[in-house]
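Nothing in this text is a laboratory measurement; each read-out follows from the coordinates by a stated rule. Please read all numbers here as calculations on a predicted model, not as lab measurements. Note that each Cβ is placed from the backbone with ideal geometry, even for glycine, and that neighbours are counted across all protein chains shown.
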Amino acid sequence: MPKEAESTVIPTLDAKAWEVYQRLLATYGERPLVPRRSPMHELISTMLSHRTTQKNEDTAFRQMWDRFGSWEAIRDAPVADLAEAIAPSNFPEAKAPRIQDTLARIIDERGEASIDFIAALDAAAGLRWLMALPGVGIKTASLVLLFCFSKPIMPVDTHLHRVSGRLGFIGPKTSAEAAHRDLLVLLPPEPPVLFNFHVAMLRHGQTLCIWGTPRCAKCPLTDICDYYQVVVKPK
Ligand code: SF4
């Protein structure tokens, strides 16, 4: 997309969200909504992922599982040992007790280390249950619900938050927590659409609409991007 692209007038925010979705799919491709790992694995891995790269999250999880071998053993391990095992993840001392508290709550309440019962809940009930777990916020809960249970929900991480703000889907003062609600209403409530929007926006935030100076010259969204039209183009 040339830098001097004119602004394209799109009448509503949801029409714009659909246009962004189509263009990002054309750029990054479409993926099937198939769970990549078990719900328990997704939940604990996502807790490990906070402020941590994917590679280090994976290493931390693998080290933890290799060392303890079961959810019950992770729950019962000396907290310092668990923190040591998950050290490739940032803030291991804070994450270790939260992971143990979460596992204890799940096993106490459900009688087993499984959250598969969430499949029978609606999205709102699943969100409430997961967010009542120690150390589980809306991002982690939303990601588990969409990725593992195909619930119609929109996880918002730092990349989605930043890109959505630049595109004009959310206001400059909208928190990532509030963006979960504001982005969800812009798209059809179809889990494969929400999943692919999430994945494509994440990819866009990692590759072109990066922190600092975005790579707008290579972006397919310049004519419908508020940031480009207001901040970049006048230069
Ligand atoms: S035009 Fe620039 S600021 Fe806008 S979405 Fe693309 S990379 Fe981000």
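Quick look at the numbers
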read-out	value
Percentage relative contact order, the chain, counting C-alpha pairs under 8 Å, at least six apart	28
For the chain: rounded, prolate or oblate by the Cα gyration tensor [a/c cutoff 1.5]	prolate
Gyration tensor verdict on region 161-235 (Cα atoms; rounded if a/c is under 1.5, prolate if a/b is larger than b/c, oblate otherwise)	prolate
Separation in nanometres of the label points that stand 7 Å from Cα toward Cβ, at Gln206 and Ala94	2.3
Per-residue [θ]222 nm for the chain (sum of -39500 (n - 2.57) over DSSP H runs n ≥ 4, rounded to 500)	-17500 deg cm²/dmol
From phi via Karplus (6.51, -1.76, 1.60), per-residue ³J(HN,Hα) for region 137-146 in Hz, x at Gly/Pro	x, 5, 5, 5, 4, 5, 5, 5, 5, 7
Loop-resident sites, region 1-83, for GluC sites (Glu not before Pro), counting at most 11 other Cβ within 10 Å (DSSP)	Glu4, Glu6
Cα Rg, Dmax, region 39-149, angstrom units	13.1, 37
Relative contact order computed over region 83-180 (Cα-Cα under 8 Å; 6+ residues apart), in percent	18
Cα-Cα pairs of region 109-202 separated by more than 19 Å (percent)	39
